[in-house]
Amino acid sequence: MVLKKFVALAAGLTLALSLAACGGSGAGSTDTDTGTDTTDGGTTAEGGLIGVAMPTQTSSRWIADGNAVKEGLEAAGYEVDLQFANDDIPTQQQQVDQMITKGAKALIIAAIDGTTLSGQLDAAKAAGIPVVAYDRLIRDSENVDFYVTFDNFKVGVQQATSLLVGLGVMNADGSEGSATGPFNVELFAGSLDDNNAFFFFNGAMSILQPKIDDGTLVIKSGQTTIEQVNILRWQQETAQKRMEDLLTQAYNDGSKVQGVLSPYDGLSRGILTALGNAGYGPTIADGMPIVTGQDAEIESVKLINDDVQFASIFKDTRKLAAQAIVVAQAYLMGAEPEANDTETYDNGVKVVPSYLLESDIVYKDTITSLLVDSGYWTADEVASGLAG
Ligand code: BGC
């Protein structure tokens with residue numbers, strides 16, 4: 001029965017947050033008062049401090065996550081210590097240490113490096129503080145209680161699908177397209193210290209490998225393993241540099257790259273800059289390769305709208321935030337949160353009970369239905385590429 005209650009709470013909270021979003025608190029909002037009562041059916045939050053640790057503010061995705069978690073928790077009657085760590089591991093460790101010292105009742109953590117928080121998690125455990133891993137799995141620790149995220153393998157499948165759709169090898173409805181290639185494609189993956197990078201890459205390769213094997217796709221650089229194609233800390237500049245190097249090394253014979261698997265919008269922008277500097281584009285119609293992405297960051301949504309980037313993956317940070325809040329509240333009320341996956345996410349020590357959300361592919365013609373109609377970005381933000 002406890003579970004039912006929290007499922008109902010989750011539904012109520014998600015609704016409340018999405019209603020708040022429709023009222024102007026979309027992804028780019030910094031408005032901290034949603035004015036929404038997120039308690040449900042007599043379930044009253046007791047209040048107290050909750051620590052929320054996010055990796056960086058250099059990506060609009062994490063700012064949206066941080067704001068959504070903070071707004072939702074405050075609306076539910078909690079105080080929030082929200083920290084961003086500038087992608088620096090010692091900074092994040094220190095921030096989490098301080099949250100514990102300040103008496104946080106629960107921790108919601110999106111790790112920079114999923115393997116470096118064991119000391120902090122031991123201290124949290126000793127203090128009886130539940131730990132929720134937010135979007136990125138915290139590895140190598142017994143003391144992570146729950147994981148809220150998206151179906152990360154499927155995100156990779158969607159990224160590869162969008163690449164094939166852009167090349168015309170597949171249609172958006174999943175049927176076979178008319179193009180047969182061969183197409184020159186290059187692959188990028190995320191940061192190896194982020195467990196998600198492996199799920200995205202493996203998901204993508206489950207679709208792309210058969211097309212490489214049958215000759216539809218050609219990886220001219222020969223770099224096909226995650227060890228060869230990863231980008232440390234998901235840095236845009238590093239991706240730009242790698243794309244420049246690939247062009248010099250593998251495309252100096254007059255051949256052209258026609259598609260790039262990119263797992264994150266920030267990397268995609270670096271890749272597009274390298275391609276643009278080398279004379280590709282400016283738009284897909286002018287020969288810019290099909291470049292994929294992830295997160296529906298506003299700068300990239302504009303590029304999709306302008307026919308420069310081909311696609312992204314929309315992971316609704318409002319829903320993820322709402323789920324994290326439901327889980328934290330469940331622990332604070334002495335209940336077990338509802339998991340919908342208890343098999344996939346082995347952190348090296350144990351399988352962490354997880355709640356996975358669904359994602360969607362954003363193409364130019366789904367920007368309005370997915371992002372504008374849901375209040376995630378406004379039409380003006382899409383046009384300007386600027387949040388708020
Ligand atoms: C997240 C992605 C994001 C990436 C870079 C991953 O852990 O799941 O949504 O693109 O980090 O910030």
For segment 46-78 and segment 252-279, write down the distance between their C-alpha centroids in whole Å.
-> 34
Any idea what the relative contact order of the chain is, in percent, if you count C-alpha pairs under 8 Å spaced at least 6 apart?
-> 19
Shape call, segment 170-306: gyration tensor on alpha carbons, a/c limit 1.5 | rounded
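Do any of Lys220/Lys319; Lys102/Lys154; Lys211/Lys256; Lys102/Lys315 go past 30 Å between their Cα atoms, and which?
On the way: Lys220/Lys319 40 Å; Lys102/Lys154 38 Å; Lys211/Lys256 19 Å; Lys102/Lys315 32 Å.
Going by Cα-Cα distance, Lys220/Lys319; Lys102/Lys154; Lys102/Lys315 fall outside the 30 Å limit.
I want the local charge near Leu82. Using Cβ-Cβ distances under 14 Å, sum +1 for each Lys or Arg and -1 for each Asp or Glu among the other residues. If you can, show how the numbers build up before the last one.
Numbers: positive: Lys70, Lys102; negative: Asp65, Glu71, Glu74, Glu79, Asp81.
Neighbour charge sum, excluding Leu82 itself: -3.
What is the magnitude of the charge dipole of the chain about its Cα centre, with +1 placed on the Cβ of each Lys and Arg, -1 on the Cβ of each Asp and Glu, and no other charges, expressed in debye to the nearest 20? It would help to have the intermediate numbers written out before the result.
Numbers: 23 positive and 51 negative charges, 47 e Å.
The dipole of the chain has a size of about 220 debye.
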Counting sequence-distant residues (5 or more places) and residues on other chains, those with an amide H built under 5 Å from that of Tyr355 are Tyr147, Val148, Thr149, Asn340
SASA check, Phe198, accessible area w/ 1.4 Å probe, all protein chains in place, rounded to nearest 10 Å², comes out at 70
Based on alpha-carbon positions alone, could you give the equivalent ellipsoid semi-axes of segment 199-242 from the gyration tensor, as √(5λ), descending, whole Å?
-> 22, 13, 8
In the chain, what % of DSSP beta bridges are antiparallel (nearest 5)?
-> 20
Expressed in square angstrom to the nearest 10, the accessible area of Glu237 with a 1.4 Å probe stands at 120
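For segment 120-225, rounded, prolate or oblate, judged on the Cα gyration tensor with a ≥ b ≥ c (square roots of eigenvalues), a/c < 1.5 rounded, else prolate if a/b > b/c? Provide the component values of the computation, followed by the final result.
On the way: a/c = 4.89, a/b = 2.59, b/c = 1.89.
Since a/c reaches 1.5 and a/b is larger than b/c, the shape of segment 120-225 is classed as prolate.
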Which three lengths, in whole Å and largest first, does the chain cover when its Cα atoms are put on their principal axes?
-> 65, 41, 35
Could you tell me whether segment 205-273 comes out rounded, prolate or oblate from its Cα gyration tensor? Rule is a ≥ b ≥ c as square roots of the eigenvalues, rounded for a/c under 1.5, then prolate if a/b exceeds b/c, otherwise oblate.
-> oblate
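Where does segment 322-388 land on Rg(C-alpha)/(2.2 N^0.38 Å)?
Numbers: Rg = 17.6 Å, N = 67, 2.2 N^0.38 = 10.9 Å.
Here the Cα radius of gyration is 1.62 times the empirical estimate.
The values are calculated or read from the model by the stated rules, or taken from the named source; none is laboratory data. What you see is a predicted model, and the numbers here were worked out from it, not measured in a lab. Every residue, glycine as well, gets a Cβ built from its backbone with ideal geometry; the counts of neighbours run over all protein chains shown. Accessible surface areas use protein heavy atoms only, side chains included; no ligands, DNA or RNA. Shrake-Rupley method; radii C 1.70, N 1.55, O 1.52, S 1.80 Å.
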